[in-house]
1. Once amide H atoms are built 1.01 Å from N in the peptide plane, which residues 5 or more positions from ILE22, or in another chain, come under 5 Å H to H?
2. With +1 on the Cβ of every Lys and Arg and -1 on the Cβ of every Asp and Glu, and nothing else charged, how large is the dipole of the chain about its Cα centre, in debye rounded to the nearest 20?
3. Along the range 38-47, what does the Karplus equation 6.51 cos²θ - 1.76 cosθ + 1.60 (θ = phi - 60°) give for ³J(HN,Hα), rounded to whole Hz, x for Gly and Pro?
4. Assuming 1.567 mPa s and 4 °C, estimate D for the range 1-68 with Stokes-Einstein, Rh taken as the Kirkwood radius over Cα pairs, in µm²/s.
5. At 222 nm, what value in deg cm²/dmol follows for the chain if DSSP H runs of at least 4 each add -39500 (n - 2.57) and the sum is divided by all its residues, to the nearest 500?
6. Rounded to the nearest 20 debye, what is the charge dipole size of the range 16-136 about its Cα centre when +1 sits on each Lys and Arg Cβ and -1 on each Asp and Glu Cβ?
7. Work from the charge dipole of the range 16-136 (Cβ charges, +1 for Lys and Arg, -1 for Asp and Glu, about the Cα centre) and give the residue of PRO48, LEU121, VAL96 farthest towards its positive end.
8. Tell me the net charge near SER97. Cut-off is 12 Å between Cβ atoms, SER97 excluded, with +1 for each Lys or Arg and -1 for each Asp or Glu.
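Bear in mind these aren't lab numbers, they're just calculated from the coordinates by the rules spelled out. Computed from a predicted structure; not experimentally measured. Backbone-built Cβ (ideal geometry, glycine too); neighbour counts: all protein chains shown.
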Amino acid sequence: MTTESKAPRPGQVDLKLEVVVIPVSDVDRAKKFYQDLGWRLDADFVRPDGSRALQLTPPGSPTSIHLGSGPALPRFLIVNDIEAARAELIARGADVSEVFHRGPQGRVAGPDPERPSYGALATFNDPDGNVWLLQQVTQRLPGRVSADSTAFTSSTDLAAALRRAATAHGEHEKRTGKHDDSWPDWYADYIVREQTGKPLPE
């Protein structure tokens, strides 16, 4: 008689592998190399702690690269609710750090007080020391995604976008002082703009 081990049930929170950090010895040389290959430059700026963020994306790829140096370079998992993602990973046995954000001196406990997209982070390691970085993203920055492409990978992801649109629409109705019968169009416009990094409707 054989007994079959039960596989763990699939996760309920979306963890999108969107960024892999590539170790390089010369960031500017690597940047030129990948741009010459036709890869889109998404970002090149200095973070509050002085580190440089440089992201490129291969044509048609849903996953990007960061160019970096040093040990323990992380892989980025993008989530729309970092507390829910953290709680599920902990329940499944991962030792996940407290949520933090980046400040001038490095890590600062808690999410960024202004709650910007990209402003809440947490990390965990696998048994071999590979580092994973959770990053909460609710609104894309311009240039980080295709301006004419929107997609949802799960009903959970879509539901979170609808909740954000509903909250924003409630503020919109408060500002106008009247009920908006065209709320489905407003929701749709909000969600597409949020995903493509365009200014949000008011």
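1. HIS66, LEU67, GLY68
2. Working: 24 positive and 28 negative charges, 57 e Å.
That gives the chain a dipole magnitude of about 280 debye.
3. So the Karplus estimates, Gly and Pro as x, are x, 6, 6, 7, 8, 7, 8, 8, 9, 6 Hz.
4. Working: Rh = 14.5 Å.
Once the numbers are plugged in, D ends up at 89 µm²/s.
5. Values: 4 runs with 56 residues, N = 202.
The helix-only estimate for the chain comes to -9000 deg cm²/dmol at 222 nm.
6. Numbers: 13 positive and 16 negative charges, 51 e Å.
For this selection, approximately 240 debye.
7. Going by the charge dipole, the pick is PRO48.
8. Details: positive: ARG86, ARG107; negative: ASP95, GLU98.
It works out to a net charge of 0.
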